[in-house]
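Remarks on the structure that follows.
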Amino acid sequence: MIAKGCLLGGLVVLFCTEISSQDCSKFQERLQEANKGNLNLLRSKMRPMVYLQCVEDGTAFSPREDMLRRINMPLEGNAKVVIQEILQQAALIFSQNYTDSAWDETSMEVFQRRLDEQIKDLKTCLSLERQDGIISPRQQHFQLTRPVKTHFQRIRAFLRREQFSRCGWERVQMEVHHCFVLINQLIQMIQP
């Protein structure tokens, strides 16, 4: 009886792993489509005239550092880790006080839901890859994510300095847009 229970449990685990790996096989396409949606939504909420006024007013934060250059590891096998960190940091930014931004509540909910789904998908696939030894160990994880975290810490600090103003949000949206363009480049590094 115990043997049947163990066999049944093993089959369930095997079945769930197979479903998850099938989900991950189409991951690159889903990620690309979701990122395209994120970019389109960000573009639709950015107001060029307001953005230009904010730049003219001197409302800016320090120049964007090249996050990829600061990651001292090959990205080919680790692109998913960096993408996940960018998405998590963007989700954190957009969970802050966005009342002075051009976002209506429905658009913000769609955007945040999309980010959450992408993060969940990445977490599932990364977990499977860790089990299989495909991606870097946890100690390397920190080296991959630290430049991203540092960059987004500066963005959050800027937004607080600007007291979550409309100009502050316009600049932040533009910077997050640049990060999503970077995600497109990283997606190309993911092996199908």
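Any read-out appearing in this document is the output of simple, stated calculations on the displayed coordinates, not a laboratory observation. Here the structure is a predicted model, which means the values were calculated and not measured. Counting neighbours? That spans all protein chains shown, and the Cβs are built from the backbone with ideal geometry, glycine included.
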**OP:** Would you pull out the residues with amide H under 5 Å of Phe164's amide H, same chain only if 5 or more places away, H placed 1.01 Å from N?
**Re:** none
Subject >> Whole-Hz ³J(HN,Hα) from phi, Karplus 6.51 cos²θ - 1.76 cosθ + 1.60, for segment 103-108, glycine and proline x >> reply: 7, 7, 4, 5, 4, 5
Subject >> Cβ crowding within 10 Å averaged over residues, with 171-177, 34-40, 185-191 ranked highest first >> reply: 171-177, 34-40, 185-191
Original post:
How far apart, in nm, are two points set 7 Å out from the Cα along the Cα-to-Cβ line at Ser25 and at Phe164?
Top reply: 4.5
**OP:** Determine which lysines satisfy two conditions relative to Lys45: a Cα distance under 24 Å, and not lying fewer than 8 residues away in the same chain.
**Re:** Lys36
Original post:
What are the ³J(HN,Hα) values, in whole Hz, obtained from phi via the Karplus relation 6.51 cos²θ - 1.76 cosθ + 1.60 with θ = phi - 60°, for each residue of segment 145-155 in sequence order, with x given for Gly and Pro?
Top reply: 8, 4, x, 5, 4, 4, 4, 6, 4, 5, 5
Subject >> Gained length - His178 relative to Glu33, 0.36 nm times residue gap less alpha-carbon distance >> reply: 50.5 nm
